[in-house]
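**Student:** Structure incoming, see below.
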Amino acid sequence: MTRTDPRVVRSRAAVLAAATQLLATDGVAGTTIEAVAARSGVAKTTIYRHWPDQRALVRDAFGVALPMPAAPDTGTLAGDLLALATGLARALADSPADADAILDALAGPLFHRRYVTGGPLDEGAIRRAADLACHSCCQDRHRSA
């Protein structure tokens, strides 16, 4: 069994924490290798040793911020999907109801489809993402009214 150097564990954790914070405050565009290095205190060369590019780092940071839930087993596909959607809705509801949150709600399903499931970004997927973001926005406005 290979033992991982504790310094590697610490630097990876610091980088992922910084990237997750930057995603929340500055979005994907602001989560650059340079910004992550500055916020984490980890050298860019060390970051590049673990992530080949910004896209890979952002993907892993999304995994930290929104880890994959355990697959529910309610006995039906409809029940399983409802359980997954409910969990996602709760996670999204914890974020502030502002423009960034709405964009996150819109982009999340598209990023998930492209980079996690590998599904096509067809008209149906785009329409569902827009509907979900709209529903999320309306729910948040209704709650705060």
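The values are calculated or read from the model by the stated rules, or taken from the named source; none is laboratory data. The shown structure was predicted, so the numbers you read here are calculated from the model rather than taken from an experiment. When we count neighbours, we look across all protein chains shown, and the Cβ atoms used for this are built from the backbone with ideal geometry, even at glycine.
**Student:** With the structure loaded, tell me whether His135 is of a type outside the set (A, V, I, L, M, F, W, C), out of contact with any Pro (no Cβ under 8 Å at 6 or more places or on another chain), at pLDDT below 70 and over 21 Å from Ala24 (Cβ atoms) or whether it fails that test.
**Tutor:** So His135 does not fit the description; no.
**Student:** For the range 33-55, state whether one or more residues are modelled with pLDDT under 85, outside the structural domain of His112 (by TED's automatic domain parsing) and crowded, with 16+ Cβ neighbours inside 10 Å.
**Tutor:** Among the residues of the range 33-55, not one is modelled with pLDDT under 85, outside the structural domain of His112 (by TED's automatic domain parsing) and crowded, with 16+ Cβ neighbours inside 10 Å, which makes the answer no.
**Student:** May I ask you to say which residue of Ala101, Ala107, Ala125, Ala89 is surrounded by 13 or more Cβ atoms within 10 Å (Cβ to Cβ), within 15 Å of the chain's Cα centre (by Cα), outside any loop (DSSP other than H, G, I, E, B) and modelled with pLDDT of 80 or more?
**Tutor:** Only one candidate qualifies: Ala107.
**Student:** Scan the range 61-70 and give yes if some residue there is surrounded by fewer than 12 Cβ atoms within 10 Å (Cβ to Cβ) and within 12 Å of the chain's Cα centre (by Cα), otherwise no.
**Tutor:** yes
**Student:** Which of the residues that make up the range 23-50 are in contact (Cβ under 8 Å) with a residue 24 or more places away in the chain and assigned to a helix (DSSP H, G or I)?
**Tutor:** Leu23, Ala24, Gly27, Val28, Ile33, Ser40, Thr46, Ile47, His50
**Student:** Please tell me if Asp60 is at pLDDT 85 or above and part of a loop (DSSP other than H, G, I, E, B).
**Tutor:** no
**Student:** Just checking, how many residues over the range 111-134 are free of Cβ contacts under 8 Å to residues at least 40 places away in the same chain, under 21 Å from Gly63 (Cα atoms) and not aliphatic (A, V, I, L, M)?
**Tutor:** Looking only at that region, the number is 7.
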